[in-house]
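The values are calculated or read from the model by the stated rules, or taken from the named source; none is laboratory data. Since the structure is predicted, the reported quantities are computational estimates derived from the model, not experimental observations. Counting neighbours? That spans all protein chains shown, and the Cβs are built from the backbone with ideal geometry, glycine included.
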Amino acid sequence: MKYIFFGTPSFAAHILDTLCAAGLPPVAVVCNPDRPTGRKKIITAPPVKEVALKYGVKLLQPEKPDDIIPELKALAPDFFVVAAYSQLLKPGVLGIPPQGTIGVHPSLLPKLRGASPIQSAILRGDPETGLSLYMIDEKMDHGPILAQEKMKIGDLYYPELQDKLAALAGNMLVKVLPSFTSGETTPKTQNHELATLTIKFEREDGFIDPILLKTALSGESWEAAQETEKKIRALNPEPGTWTFGKAFTNLKIEPEKEVKIIKAKLDDGKLVPEIIQIAGKTPQTYS
């Protein structure tokens, strides 16, 4: 089994760690270059790089995957595995492995294709989501399905659900890769008529209208409380959910001061904030 793993963030790192720990390491790992992060812009290695170094796997960090086509060909991989790589693989790269490229997508395809399937599932109020292993083709999250498993969402926040789905993905790959390489697994075409798309969320998507928030906090509107709670669970830590101080009549906050709502719960028909952060200050318990 010779494959190359493409991925960059923590979601991909969890999957790679599971594969390596199970005795199924790739012949090489491809991730994004080290980048400056945080306010101090400290050059930081992506999580996948740390896992590759931990297991002594060959590491490639190109600006663009097309830049390393000769190196990829020289490794003679049978297939690729791609999990949250954050860059599209063009035909020149996808055409290298004879058995194709397996994609890891945290939704039950064809539902929630695109950039934000986990956050979108929470925002929609879906009772469950899942993980899909599929064969990547020229269209986004479009190729035939190798395997799928469901997972309940409950009241999980985005990072918690992401970690659970990453663990599920790693375990699924450990089970599926041997049968895939032996030709025992037959991919099934997606029902494209049922496809839904997601978008990348921006800062403005996390804005909570102060008037709406007041009705959620007071218990005046159970619907507003539910919708706001889902937004808080879906969009934290990034891009974050925020409002203005005028929404909080019981706190001494300037009316136009920005306030992040980091954590909240539903209780007795209303929204109850648990952790907030006033602009310029550290996060604090709401009281």
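Within the bounds of the stretch 216-234, is there any residue that is within 30 Å of residue 102 (Cβ to Cβ) and touching a residue at least 12 places away in the same chain (Cβ under 8 Å)? Yes, some residue in the stretch 216-234 is within 30 Å of residue 102 (Cβ to Cβ) and touching a residue at least 12 places away in the same chain (Cβ under 8 Å).
Filtering the stretch 114-133 down to residues that are of a type outside the set (A, V, I, L, M, F, W, C) and in contact with a Leu (Cβ under 6 Å, 6 or more places away or on another chain), which residue is surrounded by the most Cβ atoms within 10 Å (Cβ to Cβ)? Going through the qualifying residues, I end up with 132.
Just to be sure before I move on: is residue 111 closer than 30 Å to residue 261 by Cβ and assigned to a loop (DSSP other than H, G, I, E, B) in the structure I sent? Spelling it out, residue 111 is indeed closer than 30 Å to residue 261 by Cβ and assigned to a loop (DSSP other than H, G, I, E, B). Please give the number of the condition residue 256 fails out of (1) among the charged types (D, E, K, R); (2) part of a helix (DSSP H, G or I); (3) in contact (Cβ under 8 Å) with a residue 12 or more places away in the chain. So residue 256 meets the others, but not (2). Exactly one residue out of 152, 111 is buried (at least 18 other Cβ atoms within 10 Å of the Cβ) and under 30 Å from residue 232 (Cα atoms): that is 111.
Based on this model, can you work out whether residue 259 counts as surrounded by 21 or more Cβ atoms within 10 Å (Cβ to Cβ), modelled with pLDDT of 95 or more and of a type outside the set (S, T, N, Q)? For residue 259, the condition - surrounded by 21 or more Cβ atoms within 10 Å (Cβ to Cβ), modelled with pLDDT of 95 or more and of a type outside the set (S, T, N, Q) - is met.
Table: residues versus (1) under 19 Å from the mean Cα position of the chain (by Cα); (2) surrounded by fewer than 17 Cβ atoms within 10 Å (Cβ to Cβ).
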{"residue": "194", "(1), (2)": "no, yes"}
{"residue": "198", "(1), (2)": "yes, no"}
{"residue": "202", "(1), (2)": "yes, yes"}
{"residue": "214", "(1), (2)": "no, no"}
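To keep it simple, each residue is scored yes or no on (1) under 12 Å from residue 6 (Cα atoms); (2) of a type outside the set (Val, Ile, Thr); (3) surrounded by 14 or more Cβ atoms within 10 Å (Cβ to Cβ).
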{"site": "50", "(1), (2), (3)": "no, yes, yes"}
{"site": "53", "(1), (2), (3)": "no, yes, no"}
{"site": "56", "(1), (2), (3)": "no, yes, no"}
{"site": "59", "(1), (2), (3)": "yes, yes, yes"}
{"site": "63", "(1), (2), (3)": "no, yes, no"}
{"site": "74", "(1), (2), (3)": "no, yes, no"}
{"site": "81", "(1), (2), (3)": "yes, no, yes"}
{"site": "85", "(1), (2), (3)": "yes, yes, yes"}
{"site": "91", "(1), (2), (3)": "no, yes, no"}
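Number of residues in the stretch 116-154 that are aliphatic (A, V, I, L, M) and at pLDDT below 95: the value is 1.
Would you point out the residue of the stretch 1-25, among those that are part of a loop (DSSP other than H, G, I, E, B) and of a type in the set (A, V, I, L, M), that is nearest to residue 161 (Cα to Cα)? Among them, the one singled out is 22. Within the stretch 36-74, the set of residues being of a type outside the set (Gly, Ala, Ser) and within 20 Å of residue 95 (Cβ to Cβ) comprises 60, 62, 64, 65, 66, 67, 68, 69, 70, 71, 72, 73.
Among the criteria (1) β-branched (Val, Ile, Thr); (2) outside any loop (DSSP other than H, G, I, E, B); (3) within 17 Å of residue 287 (Cα to Cα), the one residue 228 does not fulfil is (3). Looking at the stretch 123-144, is at least one residue within 30 Å of residue 256 (Cα to Cα), in a helix (DSSP H, G or I) and among the basic types (Lys, Arg)? Within the stretch 123-144, one or more residues are within 30 Å of residue 256 (Cα to Cα), in a helix (DSSP H, G or I) and among the basic types (Lys, Arg). Within the stretch 18-27, the residues that satisfy the criterion of being out of contact with any Pro (no Cβ under 7 Å at 6 or more places or on another chain) and either surrounded by fewer than 21 Cβ atoms within 10 Å (Cβ to Cβ) or at positive phi (or both) are 18, 20, 21, 22, 23, 24, 25.
The set of residues in the stretch 207-223 that are in a helix (DSSP H, G or I) and either under 14 Å from residue 248 (Cβ atoms) or among the hydrophobic types (A, V, I, L, M, F, W, C) (or both) comprises 210, 211, 212, 213, 214, 215, 216, 217, 218, 222. Output yes when any residue across the stretch 264-274 is in contact (Cβ under 8 Å) with a residue 12 or more places away in the chain, more than 27 Å from the chain's Cα centre (by Cα), over 29 Å from residue 107 (Cα atoms) and surrounded by 15 or more Cβ atoms within 10 Å (Cβ to Cβ), and no when none is. Looking for residues that are in contact (Cβ under 8 Å) with a residue 12 or more places away in the chain, more than 27 Å from the chain's Cα centre (by Cα), over 29 Å from residue 107 (Cα atoms) and surrounded by 15 or more Cβ atoms within 10 Å (Cβ to Cβ), one finds at least one in the stretch 264-274, hence yes.
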